[in-house]
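So the structure is just underneath, and the comments pick up after that.
The values are calculated or read from the model by the stated rules, or taken from the named source; none is laboratory data. Everything quoted here is computed from the prediction, not taken from an experiment. A quick note on method: Cβ atoms are made from the backbone with ideal geometry, for glycine too, and the neighbour counts reach across all protein chains shown.
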Amino acid sequence: MSLQFVVDGLLTGSMIGLGAIGVTLTYSILRFSNFAHGDFMAWGTYATLAVVGAIAAMFGKVAPIGPLSFGWPLIAALVVGVAFTALLALLLDKVLFSRLRRQEQAIIVVMGSFGASMALRSLLEFIFTSRPTYFSRAIQIAMPVGFGIRITPDQIALLLLTAVLVLGVHLLTTRTQTGRAMQAMSQNPALARIVGIDVASVVRVTWVIGAALACVAGVMIGVLVQIRPLMGFDMLLPMFAAAILGGIGSIPGAVLGGLIIGLAEAGAVQLIGAEWRAAVSFIILMAVLIVRPIGLFGVRER
Amino acid sequence: MIDLVGYGAFFLTTALIFSLVTLGLNLQWGLTGLFNVGLAGFVAIGAYTSALLTTPDDPARLGGFGLPILIGWLGAMFVGGVAAALTGIATLRLRSDYLAITTFGVAVVVQLVALNAQKLTGGPFGIGFIPRPFGDLAETPLLFNLSNLAIVSAVTLAAYLALEHLTRSPWGRVLKALREDERAAISLGKSARFYRVQAFAVGGAIMALAGALQAHFIGFIAPDNYLSILTFQVWVMLIVGGSGSNAGAVAGSVLVWAIWAGSGALTSVLFAPEQQARAASLQIVAIGVMLCVILLVRPNGIFGERPRRARFGKRTKATASESGS
């Protein structure tokens with residue numbers, strides 16, 4: 001068994017982990033599992049793709065940065081895409097989720113997110129058709145780094161980006177006032193309200209962080225794999241599994257869970273075959289639910 | 001005219017098969033409050049089980065065993081019920097969201113097995129030559145469609161009556177009690193988890209039976225029939241009909257299927273063939289928006305007249321989280 005699966009697993013794991021942060025935050029603060037989270041991923045990616053296209057139309061062909069496959073347009077477009085995805089999440093919260101939350105039945109919100117997911121995904125299929133597309137068709141030469149592992153410059157850059165983002169979100173949630181307000185909301189919403197925490201702003205920050213990271217994860221998939229309307233929906237089960245494995249509400253847990261699932265998937269692809277990849281998250285999910293339902297870093301619900 | 005009757009029979013048969021799935025979901029969600037977003041998986045389990053049991057021997061895969069159709073149906077219910085029971089046993093002691101995520105995973109895995117376990121399921125090309133009831137009438141489509149409609153109606157009616165009876169039986173009253181005040185029900189000595197697993201298993205068995213009925217009606221199954229869109233359609237049917245009412249479940253299914261088939265026919269008239277895949281996705285968008293609007297405006301469904309359950313739901317949630325800690 002070649003060690004290449006470690007790189008593949010870390011990359012898949014980064015995408016899953018970034019997505020799972022959003023899932024775990026929505027779950028712990030807004031108290032529902034958001035089935036539309038994967039579709040934030042896909043919408044962010046298509047928005048980024050559209051902006052890349054617009055930039056190419058305005059400035060012509062831009063040389064890529066160093067050995068990477070993309071230049072500044074993708075970075076600029078990613079910023080716009082992140083902003084767009086965050087706005088989309090806030091809009092969806094305003095017209096749908098906030099109203100459903102008022103009915104005080106958590107599962108109704110889950111159902112609403114299921115309907116929204118279906119609508120969002122099909123709308124993407126309507127606008128962009130279901131044909132896969134790519135940010136760049138250039139082929140990168142993978143560099144050998146020893147132990148039989150090869151890695152491309154794009155992959156290195158995206159792993160670094162993931163590390164920076166995870167560290168940033170971790171610091172934001174543990175070291176700032178906003179982050180402490182979020183923790184308070186997840187631990188005891190009623191008490192948080194009483195001590196004067198601005199609930200509406202915590203809800204907004206939660207959506208913005210989750211959607212922004214979903215967009216970045218989607219663009220990573222777009223750069224390394226391909227862009228399809230179903231790309232986010234297919235990530236849903238791994239993301240849920242990672243969030244539960246890490247322990248609901250724990251950001252380091254979500255990332256670690258994502259990496260574990262990514263490595264397990266990459267290992268399974270080598271040992272069993274790529275077609276069974278999606279079953280890995282399910283097996284891990286069931287194992288966690290049976291053995292330790294609160295996950296690695298979870299706390300018991302109050 | 002004859003064509004129209006034939007199409008009407010075909011339409012109603014499909015709608016009634018959907019009704020059967022919706023009845024199963026109503027037992028799980030409407031009566032017991034268990035959220036199943038992977039019901040397409042249970043329908044698929046039923047369809048494949050029955051197909052395996054009843055198709056003639058095929059050297060390319062396991063079985064078929066050439067058994068009578070009735071055995072296929074019973075087998076489908078058994079396997080579907082066991083699969084649902086296992087799902088329930090693993091997750092029903094946890095928060096309700098975990099059941100939702102697990103059922104979602106079940107549907108993904110069933111889809112994966114259907115696609116990849118060629119020896120068992122025939123892979124992406126599915127299973128053909130599934131025996132059809134009154135298959136020798138296929139020469140005259142009208143007679144064939146009407147006789148199939150009769151069978152499906154009979155099965156659906158039987159399921160409806162059985163569920164109505166169950167709802168009013170002591171068993172159904174325990175489920176309602178658990179849904180509305182879990183702590184009181186438990187204090188009367190009723191095991192919440194045991195009853196919920198039973199309800200989930202019976203619902204899964206009904207869904208699997210519906211899958212088997214459809215497999216034998218069409219005569220051919222493939223993994224594509226059981227994508228998440230099926231789950232979604234059935235949920236819309238139940239919500240439109242008003243969850244909790246068996247009659248509403250049937251009415252909602254027929255109504256939503258009429259809207260679905262009608263708008264499908266409309267798009268095929270209005271759009272050029274190369275645009276039809278895109279138009280079909282717009283159809284799904286419309287239904288998705290419809291589901292969200294109904295949840296916002298009339299959470300009890302168009303036909304649902306029962307008082308709002310928000311208060312009970314809240315209480316159930318509170319007790320569930322307390323008992324979980």
| request: Answer yes or no as to whether residue B:70 is over 25 Å from residue A:243 (Cα atoms), assigned to a helix (DSSP H, G or I) and either without any contact (Cβ under 8 Å) to a residue 12 or more places away in the chain or in contact with an Asp or Glu (Cβ under 7 Å, 6 or more places away or on another chain) (or both). | output: yes
| If we scan region A:134-144, do we find a residue that is modelled with pLDDT of 85 or more and within 10 Å of chain B (Cβ to nearest Cβ)? | no
| Counted residues, region B:231-263 - those being within 14 Å of another protein chain (Cβ to nearest Cβ) and part of a helix (DSSP H, G or I) | 13
| field | Test for residue A:142: is it at negative phi and touching a Lys or Arg at 6+ places or on another chain (Cβ under 9 Å) | value | yes
| task | Return yes when residue B:289 is among the β-branched types (Val, Ile, Thr), modelled with pLDDT of 85 or more and under 16 Å from residue B:7 (Cα atoms) and no when it is not. | result | no
| query | So which helices (runs of 4 or more DSSP H) stay within region A:69-128 end to end and still have 3 or more residues that are modelled with pLDDT under 95 and within 12 Å of chain B (Cβ to nearest Cβ)? | reply | A:98-101, A:106-128
| said: I'm trying to understand the selection: among the residues of region A:45-61, which are surrounded by 15 or more Cβ atoms within 10 Å (Cβ to Cβ) and either farther than 16 Å from residue A:222 by Cβ or of a type in the set (Ser, Thr, Tyr) (or both)? | reply: A:45, A:46, A:48
| task | Return a yes/no flag: does region A:153-162 have any residue that is at pLDDT 85 or above, at the interface with another protein chain (Cβ under 9 Å from one of its Cβ atoms) and crowded, with 18+ Cβ neighbours inside 10 Å. | result | no
| field | 2 or more residues more than 12 Å from every other protein chain (Cβ to nearest Cβ) and not acidic (Asp, Glu): qualifying helices (runs of 4 or more DSSP H) within region A:219-291 | value | A:231-246, A:251-271
| remark: The condition of being of a type outside the set (S, T, N, Q), away from chain A (no Cβ under 14 Å) and part of a helix (DSSP H, G or I) holds, among B:112, B:161, only for B:161
| request: Of the numbered conditions (1) assigned to a helix (DSSP H, G or I); (2) within 14 Å of chain A (Cβ to nearest Cβ); (3) in contact with a helix residue (DSSP H, G or I) (Cβ under 9 Å, 6 or more places away or on another chain), residue B:274 fails exactly one; give the number of that condition. | output: (3)
| field | Matching residues, region B:114-145, being on the phi < 0 side of the Ramachandran plot and either buried (at least 22 other Cβ atoms within 10 Å of the Cβ) or within 19 Å of the chain's Cα centre (by Cα) (or both) | value | B:114, B:121, B:127, B:130, B:145
